[in-house]
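Okay, structure first, notes after.
The values are calculated or read from the model by the stated rules, or taken from the named source; none is laboratory data. Because the structure is a prediction, the values reported are computed rather than measured. Cβ sites come from the backbone with ideal geometry, for glycine too, and all protein chains shown count toward neighbours. Note: accessible area is taken over every heavy atom of the protein model, side chains too, but ligands, DNA and RNA are not part of it. Shrake-Rupley method; radii C 1.70, N 1.55, O 1.52, S 1.80 Å.
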Amino acid sequence: MTTVSPTIESELKPYEAYVPGSHWRNAEDEAEGAKLGMWLFLGTEVLMFGGFFCAYAVYRMLYPGVWHEASRHYLSWEIGAINTAVLLLSSFTIVMAIRGAQLARMWQMVVNIIITIVCALFFLVVKLRFEYLPKYQKGELPGAHYNYVPHGDVVVSGLDPLTAVASTDAGATILATAAPVAEAAGHAAHAFTPGTHDHLFLSIYWIATATHGLHVLVGVFVLVWALTKALRWHYGPNHYTSLENIGLYWHLVDVIWIFLFPLLYLV
């Protein structure tokens, strides 16, 4: 009976010496089971975000004009486009990291995982610094917390119509005052007025993007965990299942944002 020398075992990298759990027949069955579990989990994620998209569709049909104007008033498509490009780049880098594991190239694996982490952190910083913080300061909050007061509101001619009527002695003066007031009211009827159902848009924006942002944050922690494993050679040509599952999760995060970006920023 031949045995493997302890010296030879110590020279094996962790991915080379990996042994599947005793409840699996072989490593291939273990990998397939892990991927099936991940796909089931991703299915539940799609169902959750599907609820947000259904709510969006309903309110978009009910208030199409408000939806369009609220998007232009509250959101910057430039910020959304930058974050979209960053997430697309991160999808490419996580694929290259998995490819590095398949080819036993640690540098390719590690560098691309680090780039993916940096992209995720960049996305979160942009979201918090340039969107969430200014909106919080202005009171552009969801639901009952909405207390946005637009700056620079102008009262027509600086005169309250009731005061104008009470202070006039001639009918001609009343008519002269009422004309510009009526004209301004006509323009206002076609303009976007903050507070008119736009809190519904902000509610869906906050809930959908904050939930997505939470998934990005979770992805950062998982990627850091994968990075530590990659540095220790736990990933290699015959064992990279967990890194591949992390890649599947990250692709879902990116795909969800690809839907959120046009629906919220490009309405």
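Please go through region 32-72 and pick out each residue that is farther than 27 Å from L243 by Cβ and surrounded by 15 or more Cβ atoms within 10 Å (Cβ to Cβ). Before the answer, list the steps.
Within region 32-72, the first condition is being farther than 27 Å from L243 by Cβ, and the residues that meet it are 50-72.
If the condition is that a residue be farther than 27 Å from L243 by Cβ and surrounded by 15 or more Cβ atoms within 10 Å (Cβ to Cβ), then F52, F53, A55, Y56, Y59, R60, Y63, V66, W67, E69, A70, S71 are the ones that fit.
What residue, of V58, V95, V19, V110, is outside any helix (DSSP H, G or I) and of a type in the set (V, I, T)? Spell out the reasoning first.
Working: V58 fails: outside any helix (DSSP H, G or I); V95 fails: outside any helix (DSSP H, G or I); V110 fails: outside any helix (DSSP H, G or I).
Exactly one of V58, V95, V19, V110 is outside any helix (DSSP H, G or I) and of a type in the set (V, I, T), namely V19.
Of the numbered criteria (1) under 28 Å from V66 (Cα atoms); (2) in a helix (DSSP H, G or I); (3) open to solvent by less than 50 Å² (accessible area, probe 1.4 Å), the one V267 fails is (2).
Per this entry, G100 is not counted among residues that are in contact with a helix residue (DSSP H, G or I) (Cβ under 7 Å, 6 or more places away or on another chain), within 30 Å of G236 (Cβ to Cβ), not basic (K, R) and not in a helix (DSSP H, G or I). Beta carbons closer than 7 Å, at least 6 apart along the sequence or on distinct chains, pair a first residue in region 40-64 that is of a type in the set (K, R) with a second that is surrounded by 15 or more Cβ atoms within 10 Å (Cβ to Cβ) for R60/W67. Of everything in region 99-128 that is open to solvent by less than 20 Å² (accessible area, probe 1.4 Å) and of a type in the set (G, A, S), the residue that is nearest to N83 (Cα to Cα) is A120. Evaluating W250 against the criteria (1) in a helix (DSSP H, G or I); (2) open to solvent by 40 Å² or more (accessible area, probe 1.4 Å) leaves one unmet condition, (2). With respect to the conditions (1) over 19 Å from the mean Cα position of the chain (by Cα); (2) touching a residue at least 12 places away in the same chain (Cβ under 8 Å); (3) open to solvent by less than 40 Å² (accessible area, probe 1.4 Å), I79 lacks only one, and its number is (1).
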